[in-house]
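Notes for the one structure printed next.
The values are calculated or read from the model by the stated rules, or taken from the named source; none is laboratory data. Note that the coordinates shown come from a computational prediction; the quantities given were computed from them, not determined experimentally. All Cβ positions, even for glycine, are placed from backbone atoms using ideal geometry, and neighbour counts span all protein chains on display. For accessibility, only protein heavy atoms count, side chains too; no ligands or nucleic acids. Shrake-Rupley method; radii C 1.70, N 1.55, O 1.52, S 1.80 Å.
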Amino acid sequence: MLKKRRTFFLLGILLCLLIGAGYGYYLYQKPRQSAAGETAAMSLPADSLYNQYQSDEQHCDKKYLGKVLEVTGKLSEIQHAGQSEIWILSTSGTGGINCQLFPGGKIPDPHPKEGDMVTIKGRCTGFLMDVNLADCVVTK
């Protein structure tokens, strides 16, 4: 009787581990989605977003982290990282807004250049010297 219980217990643990591993693999393989089809939770200027994070990072993380934001600012630099582009929006402070464009996303024609005003929609991933947005798309 005791041997049967122990066997069922061990099989139950094994089953839970297999389910957990399968779910982890599913999340790992799940394709990323751009912010194109999502509605922005807020629309704000780059200066405002940066200054808010500069003054109170913890409060802003509660307010913005993981949400889709639409940010408007002056394009100060375009960096290339492999197949993706990172657009940096300048602010009046020392930092900026790093916007990693979604690979394969449409970029308006003509391609914006440094100094142009752009509006970008992306998912806020927090603050690390600059405010970071991921899976971005250019809206204007």
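Structure data summary
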{"quantity": "Integer Hz, Karplus 6.51/-1.76/1.60 couplings in order for the stretch 125-134, x for Gly and Pro", "calculated": "10, x, 10, 9, 6, 10, 7, 10, 10, 10"}
{"quantity": "Of T125, T94, T72, the one that fluctuates the most in a GNM where the chain has Cα springs shorter than 10 Å", "calculated": "T94"}
{"quantity": "About the Cα centre, charge dipole magnitude for the chain (Lys/Arg +1, Asp/Glu -1 at Cβ), debye", "calculated": "1280"}
{"quantity": "Kyte-Doolittle mean at least 0.0 and Cα axial length at least 27 Å: DSSP H helices in the chain", "calculated": "2-29"}
{"quantity": "Residue among K63, K74, K121 with the largest mean-square fluctuation in a Gaussian network model of the chain, springs linking Cα atoms under 10 Å", "calculated": "K63"}
{"quantity": "Structure-based [θ]222 nm, the chain - -39500 (n - 2.57) summed over DSSP H runs of at least 4, per residue, nearest 500", "calculated": "-11000 deg cm²/dmol"}
{"quantity": "Within a Gaussian network of the chain (alpha carbon springs, distance under 10 Å), most fluctuating of G126, G73, G115", "calculated": "G115"}
{"quantity": "Residue-level accessible surface for E57, protein heavy atoms, 1.4 Å, Å²", "calculated": "80"}
{"quantity": "No Cys partner within the rule (Cβ under 4.7 Å), the chain", "calculated": "C16, C60, C124"}
{"quantity": "Convex hull volume per residue for the chain, taking Cα atoms only, in Å³", "calculated": "153"}
{"quantity": "Whole-number Å³ per residue for the convex hull built on Cα positions in the stretch 1-54", "calculated": "170"}
{"quantity": "Sulfur and carbon atoms: percent of accessible area, the chain [1.4 Å]", "calculated": "58"}
{"quantity": "Whole-percent pair-distance distribution, where bins are 5 Å wide, for the alpha carbons of the stretch 25-74", "calculated": "5, 17, 21, 21, 15, 11, 7, 3"}
